[in-house]
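In what follows, a single structure is set out as structure tokens and then discussed.
The values are calculated or read from the model by the stated rules, or taken from the named source; none is laboratory data. Since the model is a prediction, treat every value here as computed from it, not as a measurement. Here the Cβ positions follow ideal geometry from the backbone for every residue, glycine too, while neighbour counts run over all protein chains shown.
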Amino acid sequence: MSGRVCEPCRGNGSTEHLAAVCRLFLCVKLGDNATTTHGKLHQAFGDDAVSRAPTFRWHNMFSEGRTVVGDEQRSGRPSTTRTGDNTARLRDLFDPIEDKQSK
């Protein structure tokens, strides 16, 4: 999961993010509704808790039967395409433009 962006809450796939989603999953399994879940998380973790909208999105997915707490693979463009080769090619493209603007 590391390095990818979690679709429901735009989390970065860190250990802290995974732990937050696990706490959400637990609340759903215990039968808490989304409002109660958000309240418990905010009470326990304060400003570090998952915000309301992602809490409700994850709660809904878990309530509908999702059991995977990690971000699932998606097709499409990768989240990052930075490589040394790409960076060098862009530098070659923009260096002449910057040289012209500085004159």
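Points worth noting:
- Within region 31-44, the set of residues being farther than 11 Å from HIS59 by Cβ and touching a helix residue (DSSP H, G or I) at 6+ places or on another chain (Cβ under 9 Å) comprises LYS40, HIS42, ALA44.
- Residue within region 60-67 that is part of a loop (DSSP other than H, G, I, E, B), of a type in the set (S, T, N, Q) and at pLDDT below 70 present: no
- So ARG23, is it in contact with a His (Cβ under 6 Å, 6 or more places away or on another chain), at pLDDT 85 or above, of a type in the set (D, E, K, R) and surrounded by 10 or more Cβ atoms within 10 Å (Cβ to Cβ): no
- Residue check for GLU72: among the acidic types (Asp, Glu), at pLDDT below 65 and outside any helix (DSSP H, G or I): yes
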